[in-house]
1. Take the residues in the stretch 170-186 that are free of Cβ contacts under 8 Å to residues at least 40 places away in the same chain and either touching a strand residue (DSSP E or B) at 6+ places or on another chain (Cβ under 7 Å) or within 26 Å of residue 125 (Cα to Cα) (or both), then tell me which one is surrounded by the fewest Cβ atoms within 10 Å (Cβ to Cβ).
2. Find the residue count for the stretch 96-122, including only residues that are in a strand (DSSP E or B) and either in contact with a helix residue (DSSP H, G or I) (Cβ under 8 Å, 6 or more places away or on another chain) or surrounded by fewer than 21 Cβ atoms within 10 Å (Cβ to Cβ) (or both).
3. Please give the number of the condition residue 143 fails out of (1) farther than 19 Å from residue 89 by Cβ; (2) surrounded by 15 or more Cβ atoms within 10 Å (Cβ to Cβ); (3) touching a residue at least 60 places away in the same chain (Cβ under 8 Å); (4) within 16 Å of the chain's Cα centre (by Cα).
4. Checking residue 77 against (1) surrounded by 13 or more Cβ atoms within 10 Å (Cβ to Cβ); (2) under 25 Å from residue 159 (Cβ atoms), which single condition isn't satisfied?
5. In the stretch 62-116, which residues are in contact (Cβ under 8 Å) with a residue 24 or more places away in the chain and at positive phi?
6. I'd like to know if the stretch 85-93 contains one or more residues that are surrounded by fewer than 18 Cβ atoms within 10 Å (Cβ to Cβ), within 14 Å of the chain's Cα centre (by Cα) and modelled with pLDDT of 95 or more.
7. Taking the stretch 154-169 as the region of interest, how many residues are in contact (Cβ under 8 Å) with a residue 60 or more places away in the chain, surrounded by fewer than 16 Cβ atoms within 10 Å (Cβ to Cβ) and touching a strand residue (DSSP E or B) at 6+ places or on another chain (Cβ under 7 Å)?
8. In this structure, does residue 126 turn out to be closer than 20 Å to residue 40 by Cβ, part of a loop (DSSP other than H, G, I, E, B) and touching a residue at least 40 places away in the same chain (Cβ under 8 Å)?
């Protein structure tokens, strides 16, 4: 597999396409990041602020910043396209994490999904496209993603995919401890 930061791969099944984030996704993604039911489920651990955006200009700036992180090899952000509706309904962020805690050599995955897609079956259908390729793309021995206790549909999807809730805490770059991470080991 080629370096994910040189050629960003696409993944698809009958319903969804995961492709590199585009500036053209801004209008659709604004519906995701202004969705008051969805935003509390997003993983903001170690980020500056939350992911609640209410203007197209802010969404465009955020997309540009995410694209800049890709150029710096910080993380990759894919848009999740519902092929039936031809619209972006969320994003997936992934990066290789090196740290001094259990979550080192880890592919850290963040799923931001519009609330009307927040069902176990749809989450599994989306994540099944990218979880296994993550091990090779990001040279990692585990994939981890945060699921807050209130996110029952996410938890059910991950359990069905053989993720387990880790008792370990992820230690942020500023020393903050974070919990509620589900892990799938290689």
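1. The qualifying residue surrounded by the fewest Cβ atoms within 10 Å (Cβ to Cβ) is 177.
2. Going through the stretch 96-122 one residue at a time, the tally reaches 8.
3. All conditions pass for residue 143, except number (3).
4. For residue 77, the exception is condition (2).
5. Of everything in the stretch 62-116, those that are in contact (Cβ under 8 Å) with a residue 24 or more places away in the chain and at positive phi turn out to be 73, 90, 105.
6. no
7. Of the residues in the stretch 154-169, 1 are in contact (Cβ under 8 Å) with a residue 60 or more places away in the chain, surrounded by fewer than 16 Cβ atoms within 10 Å (Cβ to Cβ) and touching a strand residue (DSSP E or B) at 6+ places or on another chain (Cβ under 7 Å).
8. Answer is no for this residue.
The values are calculated or read from the model by the stated rules, or taken from the named source; none is laboratory data. These numbers come from a predicted model, not from an experiment. All Cβ positions, glycine included, derive from the backbone under ideal geometry; neighbour counts span all protein chains shown.
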